[in-house]
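Data first, discussion second: the structure below is written as structure tokens.
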Amino acid sequence: MDISPSIYEHAARMIDRTPWDVSRDGELIFEAHAAAYRYYRHTPIMLGIDIYNLEAEAYGGVVERPSGIGIPAIGRPICDSAQGLKELAPLDPDTAGRIPMLLEVGSRLAREFPEADIRVPVSGPFSIASNLVGFETLLCDAAVDPDGTAEALAHLTEGQVALARAIKRHNLDVAFFESAACPPLLSPAQFRRVELPALMQIIQGIAQAIGHPVPCIIGGDTTPILEAMLETGTTYVVAPDETDQEAFLRKIWDRTDIRVRVNTSSEVISRGDWPRVRAEADRVVSLVSGRENVCLGTGALPYETSPEMVLRLIEYVEELG
């Protein structure tokens with residue numbers, strides 16, 4: 001069984017710098033992810049630290065500096081409502097925000113580690129909108145004006161497809177994240193009506209731009225929306241720790257053309273002792289026993305997670321086969 005640890009802000013820990021410092025400096029991003037890869041030899045290398053901020057910042061959002069080892073976040077919305085998204089010009093990946101820096105870091109990592117799978121995080125429409133509009137306003141818009149909100153989300157398609165083309169030009173690959181749209185934030189019915197049209201446009205547009213299907217990584221309680229997710233054409237989904245993983249796997253068990261990553265509890269991995277971590281790995285391995293095309297995931301590893309514990313987990317799962 002393969003294991004795919006999710007290393008974002010945790011990479012900063014590998015060079016003893018804060019997530020803020022690393023996130024703003026291309027040299028530090030390179031050093032952090034290079035150090036993590038040399039230690040873990042993990043797949044894929046996921047570029048970036050605060051992965052959900054990139055596009056919102058490129059559209060004009062301001063990322064505020066947190067205290068200590070906190071994760072940077074967009075400070076305040078720049079749109080009064082979802083309809084304000086329609087007034088934004090599509091982002092230009094060659095000039096907007098930190099995107100050009102991240103693409104150059106990706107190219108440098110590819111030269112340093114030609115055997116590695118290096119992916120650039122690309123956010124889904126609801127995740128971008130939640131930063132630009134604000135969660136509460138966006139959820140109210142989705143409830144009061146679902147069709148108008150769906151149209152506003154679709155306005156973000158052009159910029160995301162342009163980003164995918166830029167990633168392809170740098171000979172890198174895409175990982176697609178859309179955790180802001182998960183239940184219970186959106187009901188399954190709202191997901192299908194408000195989110196799915198734009199989600200399909202973006203995922204299919206990105207797939208065409210890079211030449212293969214795109215992983216659709218959504219956290220939260222995703223079992224009720226799994227069928228809708230598969231309608232996007234994705235061939236890679238995640239069974240998050242927050243959902244009923246047994247029910248999730250029952251729904252998709254026979255779709256062995258779809259790769260399923262089953263996440264462990266990130267809290268157990270970051271705070272548990274080795275017996276708890278090993279038991280959590282055994283639980284996931286037992287869940288997927290007999291199914292092809294699966295891997296074990298860790299969920300986003302917190303900064304403070306012990307590298308030694310993560311490495312021990314990787315070696316244990318690899319020994320299990």
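Values quoted throughout were computed directly from the atomic coordinates according to the rules given, and no laboratory measurement underlies them. Just so we're clear, the structure is a prediction, and the values are computed from it rather than from any experiment. Here the Cβ is made from the backbone with ideal geometry for all residues, glycine too, and neighbour counts use every protein chain on show.
Tabulated data for the structure shown
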{"read-out": "Exposure proxy ranking, count of Cβ atoms within 10 Å, fewest first, for CYS79, CYS140", "value": "CYS140, CYS79"}
{"read-out": "Distance between the range 241-316 and the range 31-108 - C-alpha centres, whole angstrom", "value": "26"}
{"read-out": "Karplus-derived HN-Hα couplings along the range 268-280 (A = 6.51, B = -1.76, C = 1.60, θ = phi - 60°), whole Hz, x at Gly and Pro", "value": "5, 5, 7, 10, x, 7, 4, x, 5, 5, 5, 5, 5"}
{"read-out": "Coil-residue chymotrypsin sites (Phe, Trp or Tyr not before Pro) of the range 230-306, DSSP, other Cβ within 10 Å capped at 14", "value": "TRP253"}
{"read-out": "Amide H within-cut-off set for ILE3, under 5 Å, with H built and near neighbours excluded", "value": "LEU296"}
{"read-out": "In Å, descending, principal axis extents of the Cα set of the range 35-186", "value": "50, 35, 27"}
{"read-out": "Hz values of 3J(HN,Hα) by residue in the range 238-248 - Karplus curve (6.51, -1.76, 1.60), Gly and Pro given as x", "value": "10, 9, x, 4, 6, 9, 7, 5, 5, 5, 4"}
{"read-out": "Top of ALA129, ALA279, ALA228 by mean-square fluctuation, Gaussian network on the chain, Cα under 10 Å", "value": "ALA279"}
{"read-out": "For ARG255, residues with placed amide H under 5 Å, excluding near neighbours", "value": "none"}
{"read-out": "Cα-projected label distance for PHE135 with GLU308, points at 7 Å along beta-carbon direction, nm", "value": "3.5"}
{"read-out": "Distant-in-sequence amide H partners of ALA239 (H built 1.01 Å from N, under 5 Å)", "value": "ARG261, VAL262, ASN263"}
{"read-out": "Cα centre as origin, Lys/Arg/Asp/Glu Cβ charges: the range 2-233 dipole, Debye", "value": "500"}
{"read-out": "The range 149-183 and the range 7-24: distance between their alpha carbon centers, rounded to Å", "value": "24"}
{"read-out": "Spacing of the two label points (7 Å from each Cα toward its C-beta) at ASP2 and GLU292, in nm", "value": "1.4"}
{"read-out": "Of ALA56, ALA207, ALA247, the one that fluctuates the most in a GNM where the chain has Cα springs shorter than 10 Å", "value": "ALA247"}
{"read-out": "Relative contact order (percent, whole number), the chain, Cα cutoff 8 Å, 6+ residue spacing", "value": "19"}
{"read-out": "Within a Gaussian network of the chain (alpha carbon springs, distance under 10 Å), most fluctuating of ILE99, ILE29, ILE69", "value": "ILE69"}
{"read-out": "³J(HN,Hα), Karplus 6.51/-1.76/1.60, whole Hz, each residue of the range 204-214, x for Gly, Pro", "value": "6, x, 5, 4, 5, 5, 9, x, 7, x, 10"}
{"read-out": "Kirkwood Rh, angstrom, the range 140-297 [1 / mean 1/r, Cα pairs]", "value": "16.7"}
{"read-out": "Size-normalised alpha-carbon gyration radius of the range 199-254, reference 2.2 N^0.38 Å", "value": "1.15"}
{"read-out": "Mean projected area in nm² (Cα convex hull; one quarter of hull surface) for the chain", "value": "14.7"}
